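*Asks:* Take a look at the following structure, please.
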Amino acid sequence: MKPALPKGMRDFGPEIMLKRNYIIETIKRVFENFGYQPLQTPAMEKLTTLTGKYGEEGDKLLFKVLNQGQKVLKADHKAFEEKNAVRFANSLAERGLRYDLTIPFARFVVMNQSQITFPFKRYQVQAVWRGDRPQKGRYREFYQCDADVVGSNSLLNEAELTQIFDMVYNGLGLNVTIKINNRKILAGMAEVVNCADQLTSITIAIDKLDKIGLDGVVKELGERGIPEAAIETIKTFLTAQGDNAGMMALLKEKLANSEIGMKGVEELETLMNYLNTLDLKQTIELDITLARGLDYYTGTIFEVKANDFQIGSISAGGRYDDLTGTFGLKGVSGVGISFGLDRIYDVMEGLGLFQSLAINTTKVLFINFGGDNQAYAFQQLQTLRKAGIAAEIYPDAAKMKKQMKYANAKKIPWVIFTGDAEIESGNLKIKNMETGEQEEMSIEAMLSKLSG
RNA sequence: GUGACCAUAGCUCAGUUGGUUAGAGCACUGGAUUGUGGUUCCAGGGGUCGGGGGUUCGAAUCCCCUUGGUCACCCCA
């Protein structure tokens, strides 16, 4: 049988894992610096928890887990005969793999509300699964690194999350643009053009502005049944130019008749004022065409794009006023962000940013000469490890050439020989694999040399 | 879910208008070198040419189906 992976699943070898871990560690360090605490939730959730939270498209992409044993016989045969794939599939499964980390987090908060001190700040680094067709920058299994805070309406949270974006990407050496918008502004715009009930259609269309252009958006709005007059007004929003302050003034003027719209402008302005007091290195861009697909966002929305590499967004997030509401806990607002580990990796690999990364691996290899020599080397090895030096011994008394090749392939910088001559002298012979130089010294001298 | 392109050794690929026994580089194993790798030289193992069917005297090559991959759309980290 030929080994293979299911579609969209990937292995990560040691080389890749070292780089991935580096990214994760950078992100975690910043999260913890801001007082976020770790959480893990299971890969599998009940479908009732997951469905209906991500919009129609999201439900389609949920990976479902087949019911166990006899239960599958209770499937909806009628749905099968009617070729209703969705209903039939739902009758076969009661559980699914998590689609993101936010909904499981909301579930956790509701289930543990009595234990939790609010505002509750948690971070979570785990895989999520989507039954999408894999392509560039898109995987069926990928890691999200989330930080969320629930139980606080303060826009200070948004400001801090923006700062987290900034610090993480500074730390990784990436240039990004952090795009910010507010769903209330989009709602206000829909209200002003008398299409409040078609908010979703409007946001989906204008979200594509940078992809299909103004004409494309106008066309799509028309196809989605937005009246001509409304489209004309929407056009004036989309063509508005100016710096962040100018845009703000313009929005105030245009949205004056919409209560929710003005609320959105006010929130955005407050956030921008907070951000102005911070020393942010990355580009902050107010982008009123930013919409975000996920249904649950209600306030601020974020999206981060890499400046020097073509790929989808590498981070995203936003505020959700009623995420825990569907689980029975009302009036708890939350806001969170998510780093797309796999895409960040793709960007950094694409830009060659891992080159300078000092990869932490074995520092010393003991050559195995077998017999008494092996026992001696094994002993010396313990001393190095105790001193915190990453060391290993070749487990077999293989040919010298093979052992040297191993050190070479694994980029181990030092090799130690403990042959008969060395055992007799009580010293060890150490070889620098880069320069080829070798010298004999005592174990003590070696310790200070290697830990330096 | 819609569409386009691709599939040859473990990996990256070559293979002429259809023509004899399908090749190269890298990797692996052995040797030149019994205690010295990363350079060199020699030898070796490894293929149902993704799978099935068809056209043909003859198919890796042409046609159909199927599976898998890549990319774009939808949507998204």
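The values are calculated or read from the model by the stated rules, or taken from the named source; none is laboratory data. In this text, all values refer to a predicted model and were calculated from it rather than measured experimentally. Glycine also receives a Cβ, built like all others from the backbone with ideal geometry; neighbour counts cover every protein chain displayed.
*Asks:* Evaluate the following for A:I367: is it touching a Lys or Arg at 6+ places or on another chain (Cβ under 6 Å) and either of a type in the set (V, I, T) or over 23 Å from A:Q198 (Cα atoms) (or both)?
*Replies:* Working: touching a Lys or Arg at 6+ places or on another chain (Cβ under 6 Å): no; either of a type in the set (V, I, T) or over 23 Å from A:Q198 (Cα atoms) (or both): yes.
When the stated conditions are applied, A:I367 does not pass them.
*Asks:* Got at least one residue in the stretch A:377-397 being near RNA strand B (Cβ under 9 Å from one of its atoms), among the aliphatic types (A, V, I, L, M) and assigned to a loop (DSSP other than H, G, I, E, B)?
*Replies:* First, the residues of the stretch A:377-397 that are near RNA strand B (Cβ under 9 Å from one of its atoms): none.
For the stretch A:377-397, residues near RNA strand B (Cβ under 9 Å from one of its atoms), among the aliphatic types (A, V, I, L, M) and assigned to a loop (DSSP other than H, G, I, E, B): absent.
*Asks:* Answer yes or no: is there a residue in the stretch A:289-312 that is among the charged types (D, E, K, R), more than 15 Å from RNA strand B (Cβ to nearest atom) and out of contact with any helix residue (DSSP H, G or I) (no Cβ under 7 Å at 6 or more places or on another chain).
*Replies:* Taking the stretch A:289-312 and keeping what is among the charged types (D, E, K, R), we get A:292, A:295, A:303, A:305, A:308.
Narrowing further to those that are more than 15 Å from RNA strand B (Cβ to nearest atom): A:308.
Then keep just the ones that are out of contact with any helix residue (DSSP H, G or I) (no Cβ under 7 Å at 6 or more places or on another chain); that gives A:308.
Within the stretch A:289-312, one or more residues are among the charged types (D, E, K, R), more than 15 Å from RNA strand B (Cβ to nearest atom) and out of contact with any helix residue (DSSP H, G or I) (no Cβ under 7 Å at 6 or more places or on another chain).
*Asks:* Name the one entry in A:R140, A:R95 that is basic (K, R) and within 13 Å of RNA strand B (Cβ to nearest atom). Let's see the steps before the verdict.
*Replies:* Numbers: A:R95 fails: within 13 Å of RNA strand B (Cβ to nearest atom).
Of the residues listed, the single one that is basic (K, R) and within 13 Å of RNA strand B (Cβ to nearest atom) is A:R140.
*Asks:* Could you list, in sequence order, the residues of the stretch A:288-316 that are over 23 Å from A:L353 (Cβ atoms) and either without any contact (Cβ under 8 Å) to a residue 60 or more places away in the chain or crowded, with 17+ Cβ neighbours inside 10 Å (or both)?
*Replies:* Going through the stretch A:288-316, the residues over 23 Å from A:L353 (Cβ atoms) turn out to be A:288-301.
A:I288, A:T289, A:L290, A:A291, A:R292, A:L294, A:Y296, A:Y297, A:T298, A:G299, A:T300, A:I301 - these are the residues of the stretch A:288-316 that are over 23 Å from A:L353 (Cβ atoms) and either without any contact (Cβ under 8 Å) to a residue 60 or more places away in the chain or crowded, with 17+ Cβ neighbours inside 10 Å (or both).
*Asks:* Among the strands (runs of 3 or more DSSP E) lying completely within the stretch A:75-172, list those that include at least 2 residues that are under 22 Å from A:I314 (Cβ atoms). So that I can check it myself, show each step before the final result.
*Replies:* Details: elements: A:93-97, A:120-129, A:141-150.
Per the criteria, A:120-129, A:141-150.
*Asks:* What are the residues in the stretch A:336-352 that are surrounded by 15 or more Cβ atoms within 10 Å (Cβ to Cβ) and more than 14 Å from RNA strand B (Cβ to nearest atom), if any? Steps first, please.
*Replies:* First, the residues of the stretch A:336-352 that are surrounded by 15 or more Cβ atoms within 10 Å (Cβ to Cβ): A:336-348, A:351.
The one that is surrounded by 15 or more Cβ atoms within 10 Å (Cβ to Cβ) and more than 14 Å from RNA strand B (Cβ to nearest atom): A:L351.
*Asks:* Look at the stretch A:124-178 and say how many of its residues are among the acidic types (D, E), crowded, with 21+ Cβ neighbours inside 10 Å and either within 17 Å of A:D100 (Cα to Cα) or at pLDDT below 95 (or both).
*Replies:* 2
*Asks:* Quick check on my filter: what residues within the stretch A:246-289 are part of a helix (DSSP H, G or I) and either outside the structural domain of A:N307 (by TED's automatic domain parsing) or hydroxyl-bearing (S, T, Y) (or both)? Break it down stepwise before answering.
*Replies:* Within the stretch A:246-289, the subset part of a helix (DSSP H, G or I) is A:246-254, A:259-276.
Passing the criteria: A:T270, A:Y274.
*Asks:* With a cut-off of at least 1 residues that are within 11 Å of the chain's Cα centre (by Cα), name the strands (runs of 3 or more DSSP E) lying wholly within the stretch A:295-347. Let's see the steps before the verdict.
*Replies:* Details: elements: A:300-306, A:315-320, A:334-340.
Qualifying strands (runs of 3 or more DSSP E): A:315-320, A:334-340.
*Asks:* Are any of the residues in the stretch A:422-443 among the charged types (D, E, K, R), surrounded by 14 or more Cβ atoms within 10 Å (Cβ to Cβ) and more than 8 Å from RNA strand B (Cβ to nearest atom)? Before the answer, list the steps.
*Replies:* Keep residues of the stretch A:422-443 that are among the charged types (D, E, K, R), which gives A:422, A:424, A:429, A:431, A:434, A:437, A:439-440.
With surrounded by 14 or more Cβ atoms within 10 Å (Cβ to Cβ) added as a condition, the list becomes A:422, A:429, A:431, A:440.
This time we only want the ones that are more than 8 Å from RNA strand B (Cβ to nearest atom), so: A:440.
Checked against the condition, which is being among the charged types (D, E, K, R), surrounded by 14 or more Cβ atoms within 10 Å (Cβ to Cβ) and more than 8 Å from RNA strand B (Cβ to nearest atom), the stretch A:422-443 yields at least one hit.
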